[in-house]
1. Search the range 52-69 for residues being polar (S, T, N, Q) and under 18 Å from Phe86 (Cβ atoms), and hand back the single one that is modelled with the highest pLDDT.
2. How many residues does the range 94-122 contain that are more than 16 Å from His185 (Cβ to Cβ) and open to solvent by less than 40 Å² (accessible area, probe 1.4 Å)?
3. Considering every residue within the range 199-217, establish whether at least one is within 25 Å of the chain's Cα centre (by Cα), within 16 Å of Ala77 (Cα to Cα) and in a loop (DSSP other than H, G, I, E, B).
4. Can you say whether Thr525 is over 30 Å from Asp386 (Cα atoms) and among the hydroxyl-bearing types (Ser, Thr, Tyr), as far as the supplied structure shows?
5. Pairs only if they're at least six apart or on different chains, beta carbon under 8 angstrom, first in the range 234-263 and without any contact (Cβ under 8 Å) to a residue 12 or more places away in the chain, second among the hydrophobic types (A, V, I, L, M, F, W, C); list them, first residue then second.
6. Within the range 410-526, considering only helices (runs of 4 or more DSSP H) that don't extend past its boundaries, which have at least 3 residues that are open to solvent by less than 40 Å² (accessible area, probe 1.4 Å), under 26 Å from Thr101 (Cα atoms) and in contact (Cβ under 8 Å) with a residue 40 or more places away in the chain?
7. With the requirement that a residue be open to solvent by 10 Å² or more (accessible area, probe 1.4 Å), assigned to a helix (DSSP H, G or I), closer than 19 Å to Phe276 by Cβ and of a type in the set (S, T, N, Q), what does the range 372-409 give you?
8. Answer yes or no as to whether Ala275 is in contact with a helix residue (DSSP H, G or I) (Cβ under 6 Å, 6 or more places away or on another chain) and either more than 30 Å from Gly178 (Cβ to Cβ) or open to solvent by less than 20 Å² (accessible area, probe 1.4 Å) (or both).
Amino acid sequence: MIICSITMGFLSCLAVVELELNGLVYAHGAGYNTTKQCLAGTRADILAEIEDWARSTDPDVPRVFWLNGAAGTGKSAIAHTIALKFDQSRELGSCLCFDRTYLTERRHEKVFSTIARDLASHNPGIKRELADAIRDRSWLKSTPDIIQQWENLLVKPAARLSNGGTILLVIEALDESGDAHSRGHLLSILARRARELPSNFRILLTSRTLDDISQALGSSRHVISKVTDDIPKSSTDQDISIYISRRLAQVNGFFLDNSKLHLLVDRSEGLFQWAFVACEFIQGSGKFSSPETRFVKLTNSPTTRSVTTLDTLYDTLLQEMCADNDEDDMQVFRSVMGQILSLYEPLSLSALKTIRKHCPSGLIDADDISSVVKHMGSLLSGITNDSVPIRPLHSSFHDYLTDRSRSKAFYIDTSLHRNDLAFSTLQVMKAELRFNICGLESSYLLNSDVPDLAERIKRSISSAVSYSCRYWTAHVEATVFDSEIANQVKEFFNRQFLFWIEVLSLIKSVQIAAPTLSSIMKWITV
């Protein structure tokens, strides 16, 4: 009986602690991705260098390792590989990856709360410390103030882990966290205060070499700066050669001899992203051409200086897709890619079609999306599965398309799509929102008390509806005041408002209602 009482008391204590941590802001879906790791046998030297640094017992070793360099040089693959290795050895404290396609999630305001929550999931002592920290200061659960997060949610609780082995924190693609202003405080902490964590903590950071990041981290004595250009060219070329050999060894109708391999490696100019896209292009099903023809087209395209190597590749691939430069085809391409790049969150093919069919422009056809993206498997994800979000495989393709000086005829002006998306998201909600959308038998039960709620939500609330409910106000705000959109907003408040609140509650986003309504009122009154 005594043992039973102790056990029940312990379980009850754990339940209370877990309850205390509920609501702590967390960057969901921002962890490492095993499909992005380095190919086995490649990047061995830099991986070993990072592992040696992370496990060093030298008390004077810098706490932050900053891997930086140009787009496409393989930084992300290295970060994901390290995160996986240290997770397998139970030395990974947390991994948070930034992604510009999810900027609206404001992950830069959740960095240290996410790391703290991850550490708590591994260590009951930290979990209790974290629960104690927020018990009397519940505002810490949702504060966007990362200085408060650093001091109260991470540094103080982490003291409990000072006597253990290595604990690695990975922050990947910091350059995709937003603008320079949004990451200023985070950079200051990483550059000046990393040593406030216990001596067994290490922080691996990756980013492009942007001015604000370089200024903050480049001169800090607490930071090791490793530029990808400093990795010996012979080592990088060897790794790219291994990668291309394995990717193209079994392509039907294509024989990869040494001369072809050397040519592809030379054309890559040390960019792993070039090698990846080139292999996808040669392997893929182009409109009419064979793998051999695509190889010739790829390697015969004119070369320029190194900084435009990826641009030349993107030019070649898009010219293959729009070989005759037909203006109608180009207009459809710009319309489809404009919609994809203008979204605040990537959507699947089926969701994109749903939103597109509600666009007010008379020339827009929902089936245009399929006709465009089916030829872009080397550049976009999600084209073969209706439920997988479609998005650029690499941020450099987004940068290329949205820079007129680089993409020229393929330039995408996202500002031209703001009105269409504002109107479309309002129309999606008008068409699909309804009372008791999930068919719940009782309105007296809490959402948490409905046993099959997740399945009901999946069945009744489509991705297009979920997206529209969460982002219609952002799309409206992005437009110049328009009387037609204003009329649609008025009708929404008269007819769908309560149904919208119900859906937000079901998808756990009701907290956005008040600030979004405030922003819409400002848009109307400007």
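1. Kept after step one, since they are polar (S, T, N, Q), are these residues of the range 52-69: 56-57, 68.
If we keep only those that are under 18 Å from Phe86 (Cβ atoms) as well, we get 56-57.
Details: Ser56: 94, Thr57: 91.
Among those residues, the one meeting the criterion is Ser56.
2. The qualifying residues number 9.
3. yes
4. Numbers: over 30 Å from Asp386 (Cα atoms): yes; among the hydroxyl-bearing types (Ser, Thr, Tyr): yes.
Yes: the conditions hold for Thr525.
5. Cβ pairs passing all conditions: Ala249/Leu256.
6. Working: elements: 418-432, 453-460, 463-477, 483-495, 497-506, 513-525.
Fully inside the range 410-526 and qualifying: 418-432, 463-477, 497-506, 513-525.
7. Hit for the range 372-409 is Ser395, nothing else.
8. So Ala275 fits the description; yes.
The values are calculated or read from the model by the stated rules, or taken from the named source; none is laboratory data. Note that this is a predicted model, so its numbers are computed, not measured. Don't worry about glycine lacking a Cβ; one is built from the backbone with ideal geometry, like all the others, and counts go over all protein chains shown. To get the accessible areas, we keep the full protein, side chains included, count just its heavy atoms, and leave off ligands, DNA and RNA. Shrake-Rupley method; radii C 1.70, N 1.55, O 1.52, S 1.80 Å.
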